[in-house]
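The values are calculated or read from the model by the stated rules, or taken from the named source; none is laboratory data. The shown structure was predicted, so the numbers you read here are calculated from the model rather than taken from an experiment. Every residue, glycine among them, receives a Cβ derived from its backbone with ideal geometry; neighbour counts consider all protein chains shown. Calculation scope for accessible area: heavy atoms of the full protein, side chains included, ligands and nucleic acids excluded. Shrake-Rupley method; radii C 1.70, N 1.55, O 1.52, S 1.80 Å.
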Amino acid sequence: MANDSKRPDIAPLVREILAGVGEDPDREGLKKTPERVEKAMKFLTRGYEQDPCEILNAALFTVTYDEMVVVKDIDLYSLCEHHLLPFHGKAHVAYLPNGKVVGLSKIPRLVDIYARRLQVQERLTVEIAEAIQKTVKPRGVGVIIEAEHFCMMMRGVEKQHSGAVTSAMLGGFRTCKETRDEFLALVNHRNGL
């Protein structure tokens, strides 16, 4: 995890970027932009300052329950590490308890921790699954992320209605087709809970 005191100030660099794109950083509308961007970037990348295992361990409980636990439609917002442009979408996370369950609110917090770092969707998906596997030690974990990427919408191919779907299946979700199919059916069920 990064130490905030060792990071260079972002604002002067943003000022240089503004000049580099042909703007006047001293123009009235841009005078405070470098400071605003610095504040926004620190917020959007605050996941570097958080420990995912610590968050999960804080709400790990011994419970006799061995059926699938699913938290779906978790909103996520991240920045693509290739262009620093946003991507957003939904994460669906499931696990098969093995004597322990984690507080349900911790799963969206886990998604946020990893999403609030510079990311690629594929790695984000795997990091969420591996953190649950490492900390909760379930019999299996499944993660699906559906997202739209501004680097595809605003630049490059400029495709407005395309999205990406990634998945990570560990343990029983990888080895048991019935478990995987149940997860997919629950994620695709859109008529309420």
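Summary table
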{"read-out": "Cα-based Lys proximity count in the chain, under 21 Å, for pairs eight or more positions apart or on separate chains", "value": "18"}
{"read-out": "Accessible area of the stretch 1-123 belonging to carbon and sulfur atoms, whole % at 1.4 Å probe", "value": "55"}
{"read-out": "Given charges at Cβ of Lys, Arg, Asp, Glu: the chain dipole, positive-most of MET68, GLN50, VAL187", "value": "MET68"}
{"read-out": "Accessible surface, 1.4 Å probe, highest first, among residues SER105, SER78", "value": "SER105, SER78"}
{"read-out": "Cβ charges +1 (Lys, Arg) and -1 (Asp, Glu), total dipole of the stretch 62-142, debye", "value": "220"}
{"read-out": "Qualifying GluC sites (Glu not before Pro) for the stretch 42-127 [loop in DSSP, other Cβ within 10 Å: at most 15]", "value": "GLU67, GLU81"}
{"read-out": "Within the chain: Cβ-based charge dipole about Cα centre, in debye rounded to nearest 20 (Lys, Arg +1; Asp, Glu -1)", "value": "300"}
{"read-out": "For the chain, the longest site-free run once trypsin sites (Lys or Arg not before Pro) in DSSP loop states with at most 16 other Cβ atoms within 10 Å are removed", "value": "33-154"}
{"read-out": "Per residue accessible area of the chain, 1.4 Å probe, in Å²", "value": "58"}
